[in-house]
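K.L.:
Dropping the structure in here first, questions after.
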Amino acid sequence: MGTMIGAVLGKVGNSDELNLTRPEIVSEIHRKYLAAGADIISTNTFSSQRISQADYNLQDKAWEMACRGAKLAREEADKFSKEEKPRFVAGSIGPTNKTLSMSPDVSNPAMRDITYDELLEAYMEQADGLMEGGVDALLIETIFDTLNAKCAIDACNRVMLKRNQELPIMLSVTVSDLAGRTLSGQTLDAFLASVSTYKIFSIGLNCSFGATQMKPFIRELAQKAPYYISCYPNAGLPNALGLYDETAESMAPKMGELVDEGIVNIIGGCCGTTDEFIRLYQPLVEGKKPHQIAEKPKTMWLSGLELLAPLENTFTNVGERCNVAGSRKFLRLIKEKKYNEALSIARKQVSDGALVIDVNMDDGLLDAKQEMATFLNMIAAEPDIAKVPVMIDSSNWDVIQAGLKCVQGKSIVNSISLKEGEQKFVEHAEDVMRYGAAVVVMCFDEEGQATTYERRIEIAQRAYKILTEKVGMNPRDIIFDPNVLAIATGMEEHDAYALDFIRATEWIHHNLPGAHVSGGVSNLSFSFRGNNYIREAMHAVFLYHAIQVGMDFGIVNPSTKVTYADIPAEELKVIEDVVLNRRKGASEDLIELAGKILAEELAKKEAGAVSGSTTSETDDRSKSPVEERLAQALIKGDSTFLEDDLKEALGNFPHAVDIIEGPLMAGMNKVGTLFGEGKMFLPQVVKTARTMKQAVDILQPYIEAEKTESTTSAGKVLLATVKGDVHDIGKNIVSVVMACNGYDVIDMGVMVPADQIVRKAKEENVDMIGLSGLITPSLEEMVNVAEELKKAGMDLPIMIGGATTSELHVALKIAPVYGGPVVWMKDASQNALVAQKLMADKEAVEHELDEKYDILREEYKQEQTKIVSLEEARKNKPKYEE
Ligand code: THG
């Protein structure tokens, strides 16, 4: 058992710079932890990479910071290290301040702040600095975006290869809601799938929660992750003031429970903990049995936001429709850049039961690389699609790589083959592993496509050997595609194609242990284009036989209706004769049958027996009132009927803006509640925000038209997300609501420093200022902004909003340092109302606030004295009671 420390220094300000400017402070902290008994200390290098350091214009010092940070820890660890108690240094690598999986702009979901390659370079520089400084392990921590984490692992592996030295890689994830998802929306088991191709030493959780809240998730990791398990929580959840309530004494028994349950190997502390915590954790692990590593998974793991499992003895259908070469409609939508409609094709496949979706952008007139990235980035913002894994389909390796750089799940590369020789094949396979994917291997080689049974199995066998023995790929991550080719084409040499595919499938299933078999099923029936019934019937028959002998993946149209059992006996006989090549002349019979069926269908259509699509969905919709439908649209983040519903609602409300403040805001609040309860996760909330924005855009012309009646501005508001924080969904909604209420809004964006807020407020002579922030350090920054405003002689009203803000914090910390009114906003729907009150009678509001805050402060003081006296009482407790 080992104990370790977590992120030692706070994340406010540039603490990593201390490695260069005040090394003695950092060394002193390391010494304290070592003296407390830590076996592993982590370096003060959480943000020592050029992306985060650019905030301080210190990007060119990043390497040095990482290296010096490692050296400081190394020196102290070596001083304490004894043979019976060696001390180790884990090089801390944080998530950076940018995310690869989410858009910084709600209205442009395909946008990203940074590219995979930029991040990779920054991580490589950091890992190199850490290794140069002599760390024993690389600790990728506070992971909240799996794509960032995969990029960091990729970087570490490359640097280790370059430096010819292998170090253990430790991963530590932060779950950010009670449902156990990461901030970017992945479940923990989906995360495990995403990193399953890498060599990893340990995995665990840090930050976010206290020990109690983490326990069920640690238990899950211990059960499923085939690595050592670590856990270094915060000192409980931060309270209303952004402070931590747990003490070393109160935390230790909780950490002890994890040890006693045998679900951890490494424990330690994160935000809010100190060396004192480690001192008390140390005895907890002595002589205790460490967690026994879970067995390696015996099935294939794939994931999107969720895990696709178990993939054994089941058939996995891959939706074929998001393919520009396989669907004229999809091609047209991409060409016309109608991405939302293109997304609805993906969504329909998932709701029709596709477990994976294939995406292919190979078209001569498209920039396939660009389109692949755009579409996958757009999917990432659609949780109902992104929950499933993607199959990245291209015959151009650059396009596949571009796709891999956009997905946080464990996806499938479609495809690699031996057609350009063994060296290229190995290179591509290694790329597949370093991006954390599984792979389709086509039965092609230097001589071309395998069309016979013998060639198919010969190539599969050769590829299997190379992949498992030379590349070190897990056979479960290999999917062979023995080439589904068109049959009944009128050419005799094509007659055995399907049967040979099926025979090859059986051989692979029996002779290449662990490997899977897939095929592009719709290829089979190309010669029956236009005759969907026959095509579907042929696919059903083909799958019926191929699945029986081991085909466990198939690229198909998930919306087909014809099943094997539906096919009338006499039709079935003909189709089966063709698919299984049972007799000569069967093809001709099938062609004849197809002609007959087509003629029948035409006759039916002419008779007016249209079986058209059902209208049940529309019927269901019109049953509920429009207000309810609008709220639902927001909750689901679904804008399909938004325009119609809003037009209908316009008839029910006197003003367009009432719809925003009424039903739309009600929907937003419901989303807030669901999020708080862990029933929704961030990407879903982002979708809601986007739908809200779309709704407002639709209403905007009506609001403008109504405005001309009263052209005067209600007031001028300045909005900003404070420095150190990039979250702006809430702020953007406030901006919309305020604008709709007739206010002139000056939105300064995110990461806005105090001095700029002060300057702008003066220049523009605004009536009030709204400060927004989501993370805990923003609380401190808001106090700073209030102080700066006061120094500049201002006393305009300040509105405070954002997830970690609280009325108590405003009362205790912000209001006292400021001369004017500071109002806390529970949610975005309140701003307009409060602003109106402030404009009407600022003094009255101020007076009301003063009274309320006095009461809050008094209550807090009494609460505090209670706590202190309780602690006193505990200390003075007579010995025999213990
Ligand atoms: N193996 C692997 N990947 C593949 C294939 C394969 N990817 C592409 C393809 N083959 C599988 N996907 C499709 C998608 C659509 C069709 C066939 C295969 C198809 N489309 C209709 C047509 O062309 O007639 C649709 C026409 C339209 O809607 O416009 O048949 O074998 N690894």
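K.L.:
Sequence-distant or interchain residues sharing an amide H contact under 5 Å with residue 322, placed H: which?
P.N.:
Here 358 satisfy the definition.
K.L.:
Now a separate question. Based on the mean of other beta carbon atoms within 10 Å per residue, what is the order of 630-637, 490-497, most packed first?
P.N.:
Working: 630-637: 21.4, 490-497: 14.0.
Packing order, densest peptide first, comes out as 630-637, 490-497.
K.L.:
List the lysines whose alpha-carbon lies under 22 Å from that of residue 605, not counting same-chain residues fewer than 8 positions away?
P.N.:
Those lysines meeting the cut-off are 561, 596.
K.L.:
Applying the Karplus parametrisation 6.51 cos²θ - 1.76 cosθ + 1.60 with θ = phi - 60° to the phi angles of the stretch 251-259, what ³J(HN,Hα) value in whole Hz is obtained for each residue in order, glycine and proline being reported as x?
P.N.:
Calculated HN-Hα couplings, in order: 7, 3, x, 5, 5, x, 4, 5, 5 Hz.
K.L.:
Listed highest first by mean packing, meaning other Cβ atoms within 10 Å per residue, what order do 696-706, 719-729, 564-574, 244-254 come in?
P.N.:
Values: 696-706: 15.4, 719-729: 23.1, 564-574: 13.7, 244-254: 17.3.
Listed from highest to lowest mean packing, they are 719-729, 244-254, 696-706, 564-574.
K.L.:
Which of 98/723; 369/424; 335/387 have a Cα-Cα distance over 24 Å?
P.N.:
Working: 98/723 15 Å; 369/424 20 Å; 335/387 26 Å.
In this structure, 335/387 lie more than 24 Å apart at Cα.
K.L.:
Calculate, for residue 599 and residue 544, the FRET efficiency according to 1/(1 + (r/R0)^6) with r their C-beta to C-beta distance and R0 25 Å; round to the nearest 0.05.
P.N.:
Values: r = 27 Å, r/R0 = 1.07.
It comes out at approximately 0.40.
K.L.:
Just the ratio, please: alpha-carbon radius of gyration of the stretch 202-298 over 2.2 N^0.38 Å, N its number of residues. Mind dumping the intermediate values first?
P.N.:
Values: Rg = 13.2 Å, N = 97, 2.2 N^0.38 = 12.5 Å.
That ratio works out to 1.06.
K.L.:
Contour minus end-to-end for residue 636 and residue 461, with contour as 0.36 nm per residue of separation and end-to-end as the Cα-Cα distance?
P.N.:
Values: separation 175, 0.36 × 175 = 63.00 nm, distance 4.72 nm.
Gain on stretching residue 636 to residue 461: 58.3 nm.
K.L.:
Taking the DSSP beta bridges in the chain as the whole, what percent of them are antiparallel, to the nearest 5?
P.N.:
Values: 7 of 79 bridges.
Percent antiparallel among DSSP bridges in the chain is about 10.
K.L.:
Right, something else. Kindly express, to the nearest 10 degrees and within the range 0 to 90, the angle between helix 23-35's C-alpha long axis and the longest C-alpha principal axis of the chain.
P.N.:
80 degrees
K.L.:
What percent of all Cα-Cα pairs in the stretch 715-769 falls into each 10 Å bin, going from 0 up to the bin containing the maximum distance?
P.N.:
For the stretch 715-769, the binned pair fractions read 26, 55, 18, 0 percent.
K.L.:
Structure shown: which of 405/670; 679/866; 791/852; 348/623; 82/470 lie over 28 Å apart, alpha-carbon to alpha-carbon?
P.N.:
Violating the 28 Å Cα-Cα cut-off are 405/670; 679/866; 82/470.
K.L.:
May I ask you to derive the relative contact order of the stretch 12-160, considering only C-alpha pairs under 8 Å and at least 6 residues apart, and to give it as an integer percent? It would help to have the intermediate numbers written out before the result.
P.N.:
On the way: 268 pairs, mean separation 38.3, N = 149.
Reported relative contact order: 26 percent.
K.L.:
In terms of the Cα gyration tensor, with a ≥ b ≥ c the square roots of its eigenvalues, is the stretch 651-761 rounded because a/c is under 1.5, prolate because a/b exceeds b/c, or oblate?
P.N.:
On the way: a/c = 2.62, a/b = 1.05, b/c = 2.49.
Because a/c hits 1.5 or more and a/b fails to exceed b/c, the stretch 651-761 counts as oblate.
K.L.:
Take the alpha carbon gyration tensor of the chain, find the square roots of its eigenvalues, order them as a ≥ b ≥ c, and report rounded if a/c is under 1.5; if not, report prolate when a/b exceeds b/c, else oblate. Please list the in-between numbers first.
P.N.:
Numbers: a/c = 2.31, a/b = 1.34, b/c = 1.72.
It is oblate, given that a/c is not under 1.5 and a/b is not larger than b/c.
K.L.:
Using only Cα atoms, tell me the angle between helix 146-163 and the longest principal axis of the chain; keep it within 0 to 90° and round to the nearest 10.
P.N.:
90 degrees
K.L.:
Sticking with this one: Go ahead and run the numbers for FRET between residue 469 and residue 510, Cβ-Cβ distance against an R0 of 22 Å, rounding to 0.05. Write down the numbers at each step before the final one.
P.N.:
On the way: r = 19 Å, r/R0 = 0.88.
With R0 = 22 Å, the Cβ-Cβ based efficiency is 0.70.
K.L.:
With r as the distance between the Cβ atoms of residue 584 and residue 111 and R0 = 60 Å, compute the FRET efficiency 1/(1 + (r/R0)^6) and round to 0.05. Don't jump to the answer; show the numbers that get you there.
P.N.:
Values: r = 59 Å, r/R0 = 0.98.
The pair residue 111/residue 584 has a calculated efficiency of 0.55.
K.L.:
Tabulate in residue order the Karplus-calculated ³J(HN,Hα) for the stretch 834-851, using 6.51 cos²θ - 1.76 cosθ + 1.60 with θ = phi - 60°, rounded to whole Hz; enter x for Gly and Pro.
P.N.:
5, 4, 4, 4, 5, 5, 6, 7, 4, 4, 4, 4, 4, 4, 4, 5, 3, 4
K.L.:
While we're on this one: Give the long-range amide H neighbours of residue 262: residues separated by 5 or more places, or on another chain, with amide H under 5 Å away, using H modelled in the peptide plane at 1.01 Å from N.
P.N.:
Amide H to amide H, under 5 Å and 5 or more residues apart or across chains, residue 262 pairs with nothing.
K.L.:
Relative contact order for the stretch 81-177 using alpha-carbon pairs under 8 Å, separation at least 6, rounded to a whole percent?
P.N.:
Taking the mean separation of contacting Cα pairs over the length of the stretch 81-177, I get 32 percent.
K.L.:
For the chain, what is the mean residue ellipticity at 222 nm derived from helices alone (per DSSP H run of n ≥ 4: -39500 (n - 2.57); sum divided by total residues; nearest 500 deg cm²/dmol)?
P.N.:
On the way: 32 runs with 408 residues, N = 882.
Value at 222 nm, helices only: -14500 deg cm²/dmol.
K.L.:
What whole-number value in Å² describes the accessible area per residue of the chain for a 1.4 Å probe?
P.N.:
Details: 37790 Å² over 882 residues.
Per-residue value: 43 Å².
K.L.:
Counting only DSSP beta bridges with both residues in the stretch 383-493, what percent are antiparallel, rounded to the nearest 5? Please list the in-between numbers first.
P.N.:
Details: 2 of 13 bridges.
DSSP beta bridges in the stretch 383-493 are roughly 15 percent antiparallel.
K.L.:
Can you tell me what the convex hull of the Cα atoms of the stretch 344-421 projects to on average, as an area in nm²? All intermediate terms of the calculation are to be shown ahead of the outcome.
P.N.:
Numbers: hull surface 22.0 nm².
The number I arrive at for the stretch 344-421 is 5.5 nm².
K.L.:
Arranged from highest to lowest average of other beta-carbon atoms within 10 Å per residue, in what order do the peptides 684-693, 139-148, 101-110 appear? Numbers along the way, then the final one.
P.N.:
Numbers: 684-693: 23.0, 139-148: 26.1, 101-110: 18.5.
Per-residue Cβ counts within 10 Å, averaged per peptide and sorted highest first, yield 139-148, 684-693, 101-110.
K.L.:
With a cut-off of 8 Å between alpha carbons and a minimum separation of six or more residues, what is the relative contact order of the chain in percent?
P.N.:
On the way: 1691 pairs, mean separation 69.9, N = 882.
It rounds to 8 percent for the chain.
K.L.:
For the chain, what % of the accessible area comes from carbon and sulfur atoms, probe 1.4 Å?
P.N.:
Working: 19390 of 37790 Å².
Its accessible area is 51 percent carbon and sulfur atoms.
K.L.:
Still on this structure: Using the Karplus equation 6.51 cos²θ - 1.76 cosθ + 1.60 (θ = phi - 60°), what ³J(HN,Hα) coupling, rounded to whole Hz, does each residue of the stretch 803-813 give in order, writing x for Gly and Pro?
P.N.:
Couplings: 4, 8, 6, 8, 5, 5, 4, 4, 5, 7, 10 Hz.
K.L.:
Pop a pseudo-label 7 angstrom from the Cα along the beta-carbon direction at both residue 532 and residue 852 and give the gap in nm to one decimal.
P.N.:
The answer from the label model is 5.8 nm.
K.L.:
Using the alpha-carbon atoms, what tilt in degrees (0 to 90, nearest 10) does helix 497-511 show relative to the longest principal axis of the chain?
P.N.:
50 degrees
K.L.:
On a 31 Å Cα-Cα criterion, which of the cross-link pairs 71/410; 224/419; 85/150; 337/410; 254/731 come out too long? Please report the intermediate quantities before stating the final value.
P.N.:
On the way: 71/410 36 Å; 224/419 38 Å; 85/150 33 Å; 337/410 27 Å; 254/731 38 Å.
Too far apart for the 31 Å limit: 71/410; 224/419; 85/150; 254/731.
The values are calculated or read from the model by the stated rules, or taken from the named source; none is laboratory data. Keep in mind the model is a prediction, meaning the values are calculated, not measured. With ideal geometry, Cβ positions are generated from the backbone for all residues, glycine too; neighbour counts draw on all protein chains shown. Only protein heavy atoms, including side chains, enter the accessible area calculation; ligands, DNA and RNA are left aside. Shrake-Rupley method; radii C 1.70, N 1.55, O 1.52, S 1.80 Å.
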